[in-house]
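Structure first, then comments.
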Amino acid sequence: MLKRRGLLVLSGLVLLSACAGAGAPRDAKGDPLEPLTVTTSTGEHRFMVEIADDDAERQRGLMEREPLPDDRGMLFQFPDVAERGFWMRNTPSPLDIIYIDPRGRIVSIAKNATPMSDDIIPSNGLASGVLELRAGRADEIGARPGDRVSHPFFAE
């Protein structure tokens, strides 16, 4: 009887854990989204972001995707610090592309990047991360070069 009760309790805990994680926001691959905060002169602005941290994910980015909701984004993480350049190939909606240094400071912002364009959009400085948001969000939150992006990827 004691064994059976223990098994029931264990089964209940597993079910409870599964249900608790079921409602968490997930990216297109089913991975959980991660919180990220951009701190500007207008305050702290919170986003839930997909992570692109390998070559395949970074190459695919937001290609062939619906427009991002206001509170969502994609954070591209690179293993090195370098001049970066992004394009909008096969990306149907305009984006704000925010280049970020290893300490989490915004290097530059390319606003309202043209959908479907193969033109390279340069970082104009060294970056280890890139945040893509719906076009217009950078202005809406007052983001400027020098502002801070907080996420575990960046050294504080």
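Regarding residue 138, is this residue in contact with an Asp or Glu (Cβ under 6 Å, 6 or more places away or on another chain) and surrounded by 13 or more Cβ atoms within 10 Å (Cβ to Cβ)?
yes
Among strands (runs of 3 or more DSSP E) lying entirely in the range 16-134, which contain 1 or more residues that are open to solvent by 20 Å² or more (accessible area, probe 1.4 Å) and modelled with pLDDT of 95 or more?
Once the strands (runs of 3 or more DSSP E) in the range 16-134 are filtered for at least 1 residues that are open to solvent by 20 Å² or more (accessible area, probe 1.4 Å) and modelled with pLDDT of 95 or more, what remains is 34-40, 43-52, 72-86, 106-113, 121-134.
I need the full set of residues from the range 141-156 which are loosely packed, with under 13 Cβ neighbours inside 10 Å and either small (Gly, Ala, Ser) or not in a loop (DSSP other than H, G, I, E, B) (or both), in order please.
Hits for the range 141-156 are 146, 155.
The values are calculated or read from the model by the stated rules, or taken from the named source; none is laboratory data. Only a predicted model underlies this, so the values are computations on that prediction, with no experimental measurement involved. Don't worry about glycine lacking a Cβ; one is built from the backbone with ideal geometry, like all the others, and counts go over all protein chains shown. Areas reflect the complete protein model, heavy atoms only, side chains present, ligands, DNA and RNA absent. Shrake-Rupley method; radii C 1.70, N 1.55, O 1.52, S 1.80 Å.
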